[in-house]
1. Return the Rg/Rh value of region 65-140, two decimal places, where both radii are evaluated on C-alpha atoms and Rh is the Kirkwood radius.
2. Among H136, T32, M173, which residue has its Cα positioned farthest towards the positive end of the charge dipole of the chain, with +1 placed on the Cβ of Lys and Arg, -1 on the Cβ of Asp and Glu, and the dipole taken about the Cα centre?
3. Check which residues have an amide H placed less than 5 Å from K129's amide H, if you skip close sequence neighbours.
4. Based on Cα coordinates alone, diagonalise the gyration tensor for region 101-142, multiply each eigenvalue by 5, take square roots, and list the semi-axes in whole Å, largest first.
5. Where does each of D109, D164 land when they are ordered by accessible area, with a 1.4 Å probe and the largest first?
6. Largest first, how would L17, L10 line up by accessible area (1.4 Å probe)?
7. For a quick protection proxy, order the peptides 143-150, 28-35, 100-107 by their average other-Cβ count within 10 Å, most packed first.
8. Just checking my list [x] 12.2; [y] 11.4; [z] 10.1 against mean projected area of the Cα convex hull in nm² computed from this structure; which label fits?
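The values are calculated or read from the model by the stated rules, or taken from the named source; none is laboratory data. Everything quoted here is computed from the prediction, not taken from an experiment. With ideal geometry, Cβ positions are generated from the backbone for all residues, glycine too; neighbour counts draw on all protein chains shown. With ligands, DNA and RNA removed, areas are computed over all heavy atoms of the protein, side chains included. Shrake-Rupley method; radii C 1.70, N 1.55, O 1.52, S 1.80 Å.
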Amino acid sequence: MPFTMSQASLPVFEIELNALSGVLDKAAAFATAKKLDPAVLPQYRLAPDMFTLARQVQVACDQAKNGGSRLAGIEPPKFEDNEKTIDELKARIAKTLAHVKSLDAGKIDASADREITFPLGPTNKGSMKGGDYLSHFVLPNFYFHCTAAYAIVRHAGVELGKRDFLGAIPLNMT
């Protein structure tokens, strides 16, 4: 049986978004222990010209939600980007996960050769075959923003390791 588009996307989104939620749990515990205002960590960034932690989480969620929706042939739902606390970011992840779990795997599987058109910034549009869109746009962008969020939290001093980033991957250890 061939590896399908839904197998290459849906479990990836679910596992990594759950891992990102776990990273935010550790960030929340760190903030509580350090008596930080809950709005402080979401505004952290690695460099002055990079997105904040909040924006990295929002964009990671958008890649999963929008990419998965487009592959399924439906209009992605619009989420406001107004999260200011770790709890609000975790709620955004949960809302994204609920949407991703509702996507039709069969429609995603049928999207490999379908042309996908998507926005690139406020005025431009891009167009790619579904397989290329998933492999060369959605997944790299999704992982980029998840990685940036992890790096911001780690840079803030939260103790994290590779397992925190990887999450509950389907791994058998011997």
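1. Taking Rg over the Kirkwood Rh, I get 1.01.
2. T32
3. I116
4. Value: 19, 12, 11 Å, ordered largest first.
5. Putting D109, D164 in descending order of accessible area: D109, D164.
6. Descending order: L10, L17.
7. 143-150, 100-107, 28-35
8. Looking at mean projected area of the Cα convex hull in nm² for this model, the match is [y].
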